[in-house]
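Quick notes on the structure that follows.
The values are calculated or read from the model by the stated rules, or taken from the named source; none is laboratory data. Since this is a predicted model, take the numbers as computed values, not measurements. Ideal geometry is used to build each Cβ from the backbone, glycine not excepted, and the neighbour counts take in all protein chains shown. Ligands, DNA and RNA are excluded from the accessible area calculation, which covers all protein heavy atoms including side chains. Shrake-Rupley method; radii C 1.70, N 1.55, O 1.52, S 1.80 Å.
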Amino acid sequence: MSPDPKTITLSQIADVLAAHFQNKKEITCYVGSNAATPTASLEALTASVKAAAPTLPFLKMVHLLLQGPVPYVEAGLQDRIMTYSIFSGGDVRQAANEGRAYYLPCTLANLDSLVGKGRRFEPEVVFFKVSRNPFTGEFSMGLSVEVLHTAIDQARVVIAELDPSMPFTQGQSIVDATSIDYLIQEGVKPVYELPAPDFNNLAAEERRIGELIAEFFIQDGITLQVGIGKIPDAVIGSIANAGYRDLGIQTELYGDGLMILQNEGIVTNRRKKVNQGYSITSLIMGSRALYDFVHMRTGVQMRPSAYTNSAETVRKNSPFVSVNTALGVDLFGNVWADFIELRRYYSGVGGQPDFIRALNDRIYGTPIIAMRSMTDKGQSKIIKHHPPGINLTACSYDGVVIVTEWGIADLRELTVGGKALALASISHPSCRDELLRYVIDDPMFTNPVDFSPGKTPRGVRLYEGKTGVDGK
């Protein structure tokens, strides 16, 4: 067995960096993410930055979504430490919208292109969490693998928090002790937990979306990618009630819903062409029950996001169904997920474009964008044209399927006019007539010659189930 890394305290982090990089003007630090955010290390580092003792190089902090407080985005610190966030929420989202953090757009499949050798954000330092196998002494990255192996390979200093609250996961989460320079064991904060899904308290709109996807796109033996949230929960709840068998999982984020399907024997991974017999993910986030489930479990294995989100791996596991959500879609079929408008940043593109592009031919499967037709403020999510200047996670030429509580719009192989009619047809009834009239009256949409008002357009399947919502 390799000797353990050198143990340090949280208060020694800054001294370690100052000693290693005394002749550097700036360094890049990559930070492990999501449920395994190393909050204690980030707080200790920020305290040293504020105290200006010891003297540190300028710190560039690169990461995906961080849970909990992110103290270094506080106003007034940006001349000493700056955030480069690939996916944001909470503190970082606000900081980015106020000019105190940078948004660094990148899909999860392409993270290596940011932090790999010779790239602009090749890290000198890595902060992350590990758990330990009580029998073998091995270290595991636990809940977050994403691009950590690539980051560790480049870094001169690797600092890990040993967190007994984090499960020991299998697969490519294993990291050898010789790759860790310093281990922190005291003062480590536990992993972040999210509430388990409450399938009984989902809104009717979400249940209808779940019913549509489960009925028309799921079948025995398909491989599934789905995230966490109310709409994914509704999809999973509908799948659980439908009696499907031998589903497989290849996803970027494994949550409680997928655990439920696997625990109930609906997910067996028996029919997958690659990684047969076990679920594959790059991140795990959810309840304590989920973390207990994945602990030491060979049936759930971790892989880097460059693998889980690669088109090659997705296509090998066809038929594949990918379910993601978005902030909006316009009548041309353009989809956006990271900006609400040009001056209002929200989150990040994540892996949505990866799965959409991997499934650009229906022979591989179906990329679904599922969303409620209206925002909480009563504004339509299906609009005439997208906000100018924002990023798009799918463009009009990408073959996506849009599902709202009103129906399905399969945009694959449709003309511009056909896409517009299909999308208008599944918008909220309070907006539908206006959108349809906009399309029908505009000759630039080149409406299909076989369309007439009152006729269901090509690619559309309207909801005909029993779950009622306001408006129908």
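Residues that are open to solvent by less than 10 Å² (accessible area, probe 1.4 Å) and among the small types (Gly, Ala, Ser): does the range 37-45 have at least one?
Yes, because at least one residue in the range 37-45 is open to solvent by less than 10 Å² (accessible area, probe 1.4 Å) and among the small types (Gly, Ala, Ser).
Residues that are touching a Ser or Thr at 6+ places or on another chain (Cβ under 9 Å), among the hydroxyl-bearing types (Ser, Thr, Tyr) and at pLDDT 95 or above: list the strands (runs of 3 or more DSSP E) wholly contained in the range 272-372 that include at least 1 such residues.
Answer list for the range 272-372: 279-281, 320-324, 365-370.
Answer yes or no as to whether residue 449 is free of Cβ contacts under 8 Å to residues at least 12 places away in the same chain and among the aliphatic types (A, V, I, L, M). Steps first, please.
Details: free of Cβ contacts under 8 Å to residues at least 12 places away in the same chain: yes; among the aliphatic types (A, V, I, L, M): yes.
Here the answer is yes, as residue 449 does meet what is asked.
With respect to residue 189, determine if the residue is touching a helix residue (DSSP H, G or I) at 6+ places or on another chain (Cβ under 6 Å), open to solvent by 30 Å² or more (accessible area, probe 1.4 Å) and at pLDDT 95 or above.
For residue 189, the condition - touching a helix residue (DSSP H, G or I) at 6+ places or on another chain (Cβ under 6 Å), open to solvent by 30 Å² or more (accessible area, probe 1.4 Å) and at pLDDT 95 or above - is met.
When you scan the range 55-71, do you find a residue that is at pLDDT below 95 and not in a helix (DSSP H, G or I), even just one? Spell out how you get there, then give the answer.
Going through the range 55-71, the residues at pLDDT below 95 turn out to be 55.
In the following step, the residues that additionally are not in a helix (DSSP H, G or I) were identified as 55.
Yes: the range 55-71 contains one or more residues that are at pLDDT below 95 and not in a helix (DSSP H, G or I).
Among the residues of the range 83-98, what is the count of those that are open to solvent by 10 Å² or more (accessible area, probe 1.4 Å), under 21 Å from residue 58 (Cβ atoms) and not hydroxyl-bearing (Ser, Thr, Tyr)?
First, the residues of the range 83-98 that are open to solvent by 10 Å² or more (accessible area, probe 1.4 Å): 84, 87, 89-91, 93-94, 96-98.
Remaining after also requiring under 21 Å from residue 58 (Cβ atoms): 84, 91, 96, 98.
Still in the running and not hydroxyl-bearing (Ser, Thr, Tyr): 91, 96, 98.
Residues flagged as open to solvent by 10 Å² or more (accessible area, probe 1.4 Å), under 21 Å from residue 58 (Cβ atoms) and not hydroxyl-bearing (Ser, Thr, Tyr) within the range 83-98 amount to 3.
What tally of residues in the range 141-170 results from selecting those that are among the small types (Gly, Ala, Ser) and either within 14 Å of residue 29 (Cβ to Cβ) or surrounded by fewer than 20 Cβ atoms within 10 Å (Cβ to Cβ) (or both)? Walk me through how you get there before you give the answer.
Initial filter on the range 141-170 (among the small types (Gly, Ala, Ser)): 142, 144, 151, 155, 160, 165.
From what is left, the residues that are either within 14 Å of residue 29 (Cβ to Cβ) or surrounded by fewer than 20 Cβ atoms within 10 Å (Cβ to Cβ) (or both) are 151, 155, 160, 165.
Selection size over the range 141-170: 4.
Quick test of your reading of the structure: residue 414 fulfils all but one of (1) without any contact (Cβ under 8 Å) to a residue 40 or more places away in the chain; (2) in a loop (DSSP other than H, G, I, E, B). Name the failing condition by number.
The failed condition is (1).
Identify the single condition in (1) closer than 15 Å to residue 226 by Cα; (2) touching a Gly at 6+ places or on another chain (Cβ under 6 Å); (3) buried (at least 24 other Cβ atoms within 10 Å of the Cβ) that residue 308 does not satisfy, given that it satisfies every other one.
Only one criterion is unmet by residue 308, namely (2).
Can you find a residue in the range 210-225 that is more than 21 Å from the chain's Cα centre (by Cα), open to solvent by 10 Å² or more (accessible area, probe 1.4 Å), touching a residue at least 40 places away in the same chain (Cβ under 8 Å) and more than 28 Å from residue 364 (Cα to Cα)?
No; the residues of the range 210-225 include none that is more than 21 Å from the chain's Cα centre (by Cα), open to solvent by 10 Å² or more (accessible area, probe 1.4 Å), touching a residue at least 40 places away in the same chain (Cβ under 8 Å) and more than 28 Å from residue 364 (Cα to Cα).
Considering only residues that are within 15 Å of residue 99 (Cα to Cα) and among the hydrophobic types (A, V, I, L, M, F, W, C), look in the range 62-79 and name the one that is surrounded by the fewest Cβ atoms within 10 Å (Cβ to Cβ).
Checked the range 62-79; the qualifying residue surrounded by the fewest Cβ atoms within 10 Å (Cβ to Cβ) is 75.
Which count do you get for residues in the range 18-40 that are out of contact with any Leu (no Cβ under 9 Å at 6 or more places or on another chain) and of a type in the set (S, T, N, Q)?
2
Kindly establish whether residue 356 is β-branched (Val, Ile, Thr), under 16 Å from residue 106 (Cβ atoms) and buried (at least 22 other Cβ atoms within 10 Å of the Cβ).
Judged against the criteria, residue 356 is a match.
Out of all the residues in the range 428-440, is one or more modelled with pLDDT of 95 or more, in a strand (DSSP E or B) and either open to solvent by 30 Å² or more (accessible area, probe 1.4 Å) or not β-branched (Val, Ile, Thr) (or both)?
No, that holds for no residue.
For the range 19-48, give me the residue count where each residue is under 9 Å from residue 127 (Cβ atoms) and not small (Gly, Ala, Ser).
6
Condition first: in contact with a Lys or Arg (Cβ under 8 Å, 6 or more places away or on another chain), closer than 26 Å to residue 259 by Cβ and open to solvent by 40 Å² or more (accessible area, probe 1.4 Å). Can you find one or more residues in the range 132-139 that meet it?
Yes: the range 132-139 contains one or more residues that are in contact with a Lys or Arg (Cβ under 8 Å, 6 or more places away or on another chain), closer than 26 Å to residue 259 by Cβ and open to solvent by 40 Å² or more (accessible area, probe 1.4 Å).
Suppose we keep only residues that are hydroxyl-bearing (Ser, Thr, Tyr) and farther than 23 Å from residue 78 by Cβ within the range 99-129. Which one would you say is surrounded by the fewest Cβ atoms within 10 Å (Cβ to Cβ)?
Of all residues in the range 99-129, those hydroxyl-bearing (Ser, Thr, Tyr) come to 102-103, 107, 113.
Going one step further and asking which of them are farther than 23 Å from residue 78 by Cβ, we end up with 107, 113.
Values: 107: 22, 113: 15.
Of everything passing the filter in the range 99-129, 113 is surrounded by the fewest Cβ atoms within 10 Å (Cβ to Cβ).
Going through 448, 457 one at a time, which residue ends up being in contact with a Pro (Cβ under 9 Å, 6 or more places away or on another chain), surrounded by 20 or more Cβ atoms within 10 Å (Cβ to Cβ), in a loop (DSSP other than H, G, I, E, B) and at pLDDT below 95?
Going through 448, 457 in turn, the sole match is 457.
Which pairs turn up if I take residues in the range 292-309 that are among the charged types (D, E, K, R) and look for partners that are in a strand (DSSP E or B) and open to solvent by 10 Å² or more (accessible area, probe 1.4 Å) with beta carbon separation below 8 Å, at least 6 apart in sequence or on another chain?
297/170; 303/171
Would you confirm whether any residue within the range 256-277 is within 21 Å of residue 109 (Cβ to Cβ) and small (Gly, Ala, Ser)?
no
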